[in-house]
Amino acid sequence: MILGTPEDHLKERSSMRTPSGIMGDSTNVYASSSYSRPTSKSDRKPPRDVYAEHQAPQLSEAQIIANLEYALVGETTELFSYTAEGVKIPSNIDLNISQHLHDFIEPACIFRGLRQIIENKSQMTSMVKLGLVCAIERQLTSYQEAINEEFQNFELRLCDLYAFLRPKIDALRFLWFLACNLNMDPDALLSLVYKFIGGDKALEQLALQILPEMAQPFHELMCSWLQTGSLQVDAAIEEGFFVSSSSTSSRSRNVTAGDAQFIPEKVPAFLSRDIAKQIYEIGKTLNYLLLTCHQKSQVHTFSQEFRKSGLNQSVNTVFTESFQHEIRRLHKKVMAYLNYIIHNNLDLVGELRVLRDIMLMGKGDFIENLVIGSNDILSRPSFSIHPQQLSSLLQNSMRQTSIRGFSDSYKNRIDAILFDQENGKIGWDLYTLDFKVKEELDLVICMGKRSAKEYLRMFNFLLQLHRCSYQLSTSFRKSSLCRKRLPRRLLTDIRRIQRSLRSDPFFSMSILDKQCIWIVENLKKFDASRNLMLSLIGQLCLFFDEDIITPGFDKLMRNLNDSHSLLKGSGTEKALPLSPLALQRIVANPQNIEEEQSDYNMLTLDELGTLHQTYITSISRHTLLQHTSKSAVGKVSGVFYFQHIQNLIQIVLQFCDLDKEFFDGISDLISTIQLRTVGTIDESLSLYHSNLEEDLEKIAISRTELSTAFEHTRGEIVEDLKADSDVRLQLLGCRL
């Protein structure tokens, strides 16, 4: 076997790759040596001797181990110096050792990197992340102590050191992996660590040591929320808690029941979303009971029970089945007490009934009396109407109608107001009633004023319909009165003319005869148009009351009744109301629920609010009142139903104004006709008579135009309704 030259050995060594993170010495040990080929065969030395002559003295294993004692904990030594790129190592290390040196240098580099992260921990704002860094610091301390202890063995060899480091390298890699993910949200970081539980045994053991320290701040937030419903907004945001505030106002405040929101994607992996949702509901309810309902003693009782359960003593309880069981038990108890307060102390159903009677015009006699009494004032410009006048009219209507049977606690919260008294608008355009809901029920009913706006929107629309109905009815009464007050002689002349026309087709009428016939014919035309409009407005009022509002309210009452009823049998029997005594038993011991019925369920604050919001929006955002949804567009005309109805209302109001002018003009015309008949009319009165005839002709033409527009719009909406897929709308189309 022929060995290669020293140059060949050098090429072979220089071509070998150094381990990752390790840099060979850039100095070439052969660069300063001269080598010439021996002149005779006897002078030639073996290659091994030549290589040894030119190679620097190799480091002994003891020297390497002595330096590794410090290098493994990130310290620069004589042989191993740290740079920005990695670790610089000497070149005079045996090749066999050099090939495996990265197994020793890798944990050293990781240790050094982790130590730099630990040094910057004071800059961290998240306590969960700080907990992770502190846990890493504790693990590094343990690692360093183990290194120091291992190097107490004076007979330590590199192979022994490698065997010792092997499991610790995996642990350091895991810690470095976690440190590299510190940019994640705290909740995601908790889930990341938790996912290693149940996998590799060594990593699972490490995760079990780290997770409790990480989760401690999270656990403290959760316990505070579960005991009193107390939670700082900034803390919730910083720690990625699954309960936070929906408000964008200052973060340096507590979350309230009104703005608390559940964020499912923030739930860490060690909690199920069902349990997390119940934790959110418990804290929100306690916050509501304490700050809104002032149930301090009962909240204190719940807090004591939670502390007695021991769940607040150790973060490790969060990962157990007993924690979930205790949360379910506490949830049932808190929800039972909430429903008891809502239904018995605050009388939610009674509040909803008054809202319906006032804002949705459930008390027809009250609204009718209010419209009649307010018509003259509300027909004036809004800036000329004083709030005291509206209040006086409201009080009169309440005294004279069925509202007088309401308790003062309800009547004192009813008010009449004008929104934004703008120039150019009359009182009717801005008038509304307002019912101030109990402060304790505001969260359930108004939901941050969203539902309140829907009630106002619906009241304004219904008021327009009732205004049209009242003015058409008033016009009808005027028409009847006008007929009754026609002079007897004029009526006699009209009957005579009508008989003559029937008996003699060639009967020639005088100017006065023609005027009398014109009056009668136009009275009939106005009556016909008025009756058609009155019928349509009446059908719309009836539809909204009987087909939309009443069914919606009945459904709401059924849902609320089911929320505090025990369902017996297969569900086909009527639900039995849960008595206050039964509710008290449940509050005292929630296990009573399971004893009586396993599927018994209490409504939470969110469910109560959603139930009511669904009810009011099903009314105020009905298809006929929508102006954004495609389903609210007529299939025939391509126009929104709401736009059709608004057009019809405007036509009716214009007709009512025209009708009033017509009756005033007819009264004056009849008077001038009577004077002309007795021959006592002068030139000025004759001129007035002529002008009056012209004005009445214009009014008659305007009536024809309005009637035509009304018939056209009515025809379009009827065709659209009949073509709609909703059966109720189809029936309404037939009724219109």
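The values are calculated or read from the model by the stated rules, or taken from the named source; none is laboratory data. Predicted, not measured: the structure shown is a model, and the values here were computed from it. With ideal geometry, Cβ positions are generated from the backbone for all residues, glycine too; neighbour counts draw on all protein chains shown. These area figures cover heavy atoms from the full protein model, side chains too; ligands, DNA and RNA do not enter into them. Shrake-Rupley method; radii C 1.70, N 1.55, O 1.52, S 1.80 Å.
So here's what we get for this one:
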read-out: All helices (runs of 4 or more DSSP H) inside the stretch 178-259 with 2 or more residues being closer than 26 Å to LYS308 by Cα and in contact with a strand residue (DSSP E or B) (Cβ under 9 Å, 6 or more places away or on another chain); value: 201-228
read-out: Residues of the stretch 397-432 that turn out to be touching an Asp or Glu at 6+ places or on another chain (Cβ under 7 Å) and buried (at least 17 other Cβ atoms within 10 Å of the Cβ), as a count; value: 2
read-out: Lone qualifier among ILE377, ILE327 - being outside the structural domain of PHE242 (by the TED database), β-branched (Val, Ile, Thr) and surrounded by 15 or more Cβ atoms within 10 Å (Cβ to Cβ); value: ILE377
read-out: Scan of the stretch 694-714 for residues that are out of contact with any Leu (no Cβ under 6 Å at 6 or more places or on another chain) and among the hydroxyl-bearing types (Ser, Thr, Tyr), ordered by number; value: THR704, SER707, THR708
read-out: Residue within the stretch 203-212 that is open to solvent by 70 Å² or more (accessible area, probe 1.4 Å) and of a type in the set (A, V, I, L, M) present; value: yes
read-out: One residue from LEU675, LEU658, LEU685 being at pLDDT 80 or above and open to solvent by less than 80 Å² (accessible area, probe 1.4 Å); value: LEU658
read-out: Residues within the stretch 72-105 that are hydroxyl-bearing (Ser, Thr, Tyr), farther than 12 Å from LEU59 by Cα and touching a Gly at 6+ places or on another chain (Cβ under 9 Å), tallied; value: 1
read-out: Single match in PHE640, PHE663 (criterion: modelled with pLDDT of 90 or more, surrounded by 14 or more Cβ atoms within 10 Å (Cβ to Cβ) and either farther than 30 Å from ILE548 by Cα or among the aromatic types (Phe, Trp, Tyr) (or both)); value: PHE640
read-out: Residues that are in contact with a Ser or Thr (Cβ under 8 Å, 6 or more places away or on another chain) and in contact (Cβ under 8 Å) with a residue 12 or more places away in the chain, drawn from the stretch 286-329; value: LEU286, ASN287, LEU290, LEU291, VAL299, SER303, LEU311, PHE323, GLN324, GLU326
read-out: The stretch 100-137, residues that are crowded, with 16+ Cβ neighbours inside 10 Å and not in a helix (DSSP H, G or I); value: LEU101, MET124, SER126
read-out: So PHE553, is it modelled with pLDDT of 50 or more, under 35 Å from the mean Cα position of the chain (by Cα) and over 14 Å from LYS332 (Cβ atoms); value: yes
read-out: Pairs with Cβ under 8 Å, 6+ apart, first in the stretch 177-188 and in contact (Cβ under 8 Å) with a residue 40 or more places away in the chain, second of a type in the set (Gly, Ala, Ser); value: ALA179/GLY113; ASP185/GLY240; PRO186/SER126; PRO186/GLY240; ASP187/GLY240; ALA188/GLY240
read-out: Only one of LEU390, LEU394 that is open to solvent by less than 10 Å² (accessible area, probe 1.4 Å), without any contact (Cβ under 8 Å) to a residue 40 or more places away in the chain and in a helix (DSSP H, G or I); value: LEU394
read-out: Evaluation of PHE242 against (1) in the same structural domain as GLU321 (by the TED database); (2) out of contact with any Lys or Arg (no Cβ under 8 Å at 6 or more places or on another chain); (3) open to solvent by less than 10 Å² (accessible area, probe 1.4 Å) (one fails), failing number; value: (2)
read-out: Residue in the stretch 710-720 that is in the same structural domain as THR474 (by the TED database), of a type in the set (Gly, Ala, Ser), at pLDDT 90 or above and in contact with a strand residue (DSSP E or B) (Cβ under 9 Å, 6 or more places away or on another chain) present; value: no
